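Notes for the one structure printed next.
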Ligand SMILES: CC(C)(COP(=O)(O)OP(=O)(O)OC[C@H]1O[C@@H](n2cnc3c(N)ncnc32)[C@H](O)[C@@H]1OP(=O)(O)O)[C@@H](O)C(=O)NCCC(=O)NCCS
């Protein structure tokens, strides 16, 4: 890798970079999802923009998208979620997601967050290992679902 990655807060102009990375990692086009997330994050009425990107040589190569909740969903504590995490396949395994995660955790601590939640597909063992390395453990909350016919 040419240069140490630089972390900064996500901006609306990062949309194309997020889409490029997401297409490479998930093989999907989720433009609508990212447009909606970015619009919500950057809404001045929104609390804190917790999402971060990592840049190498001025190019966005990874991101972590999160949110902060103040007593919502019946959870009295201030909590945060990690919704999406992605790093360009060519430069994965260089610690970029770990740097993003460390910075995110540090920022959340400073914002008064007690707990960070995320969801992982039960059979995504590589991602579970990644979160486990960052001290995430199975939650006491149960994820419920209803499939509509
Ligand atoms: C999950 C993901 C974000 C990790 O990104 P990453 O930048 O490769 O993460 P890191 O480099 O910090 O860690 C990955 C592995 O590389 C290893 N690693 C970190 N730095 C390293 C280095 N300098 N040299 C060699 N290995 C290294 C880590 O130990 C880690 O190993 P582990 O997973 O076995 O614990 C990335 O794989 C990704 O984008 N996946 C697809 C998208 C996805 O599934 N997103 C989650 C859904 S929201």
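The values are calculated or read from the model by the stated rules, or taken from the named source; none is laboratory data. Please read these numbers as outputs of a predicted model, since none were measured by experiment. No Cβ is skipped: glycine too gets one built from the backbone with ideal geometry, and neighbour counts run over all protein chains shown.
Would you please name the residue that is surrounded by the fewest Cβ atoms within 10 Å (Cβ to Cβ), looking only at residues in the range 43-70 that are in contact with a strand residue (DSSP E or B) (Cβ under 7 Å, 6 or more places away or on another chain) and in a loop (DSSP other than H, G, I, E, B)?
Applying the first criterion (in contact with a strand residue (DSSP E or B) (Cβ under 7 Å, 6 or more places away or on another chain)) to the range 43-70 yields 47-55, 60-70.
Subsequent filtering for residues that are in a loop (DSSP other than H, G, I, E, B) retains 47-51.
On the way: 47: 13, 48: 17, 49: 18, 50: 23, 51: 25.
The qualifying residue surrounded by the fewest Cβ atoms within 10 Å (Cβ to Cβ) is 47.
Is it fair to say residue 101 is under 21 Å from residue 132 (Cβ atoms) and either within 16 Å of the ligand (Cβ to nearest atom) or touching a helix residue (DSSP H, G or I) at 6+ places or on another chain (Cβ under 9 Å) (or both)? Explain how you work it out, then say what you get.
On the way: under 21 Å from residue 132 (Cβ atoms): yes; either within 16 Å of the ligand (Cβ to nearest atom) or touching a helix residue (DSSP H, G or I) at 6+ places or on another chain (Cβ under 9 Å) (or both): yes.
The answer is yes for residue 101.
For the list (1) within 14 Å of the chain's Cα centre (by Cα); (2) surrounded by 14 or more Cβ atoms within 10 Å (Cβ to Cβ); (3) in contact (Cβ under 8 Å) with a residue 24 or more places away in the chain, I need the number of the one condition that residue 78 fails.
Status for residue 78: all satisfied but (1).
Quick check on my filter: what residues within the range 9-19 are loosely packed, with under 13 Cβ neighbours inside 10 Å and either at pLDDT 95 or above or on the phi > 0 side of the Ramachandran plot (or both)? Break it down stepwise before answering.
To start, the set of residues in the range 9-19 that are loosely packed, with under 13 Cβ neighbours inside 10 Å comprises 12-13, 16.
Scanning the range 9-19 gives a single hit, 16.
Restricting attention to the range 1-28, report how many residues are over 15 Å from residue 59 (Cβ atoms) and touching a helix residue (DSSP H, G or I) at 6+ places or on another chain (Cβ under 6 Å).
Filtering the range 1-28 down to residues over 15 Å from residue 59 (Cβ atoms) leaves 9, 12, 22-23, 25-28.
From the residues that got through so far, the ones that are touching a helix residue (DSSP H, G or I) at 6+ places or on another chain (Cβ under 6 Å) too are 12.
So the count comes out to 1.
Determine if the range 90-111 includes at least one residue that is in contact with a strand residue (DSSP E or B) (Cβ under 9 Å, 6 or more places away or on another chain) and in a strand (DSSP E or B).
Checked against the condition, which is being in contact with a strand residue (DSSP E or B) (Cβ under 9 Å, 6 or more places away or on another chain) and in a strand (DSSP E or B), the range 90-111 yields no hits at all.
For residue 48, indicate whether it is within 8 Å of the ligand (Cβ to nearest atom) and touching a residue at least 60 places away in the same chain (Cβ under 8 Å).
Working: within 8 Å of the ligand (Cβ to nearest atom): no; touching a residue at least 60 places away in the same chain (Cβ under 8 Å): yes.
No: the conditions fail for residue 48.
It is to be established whether one or more residues within the range 124-143 are near the ligand (Cβ under 8 Å from one of its atoms), under 18 Å from the mean Cα position of the chain (by Cα) and in a loop (DSSP other than H, G, I, E, B).
yes
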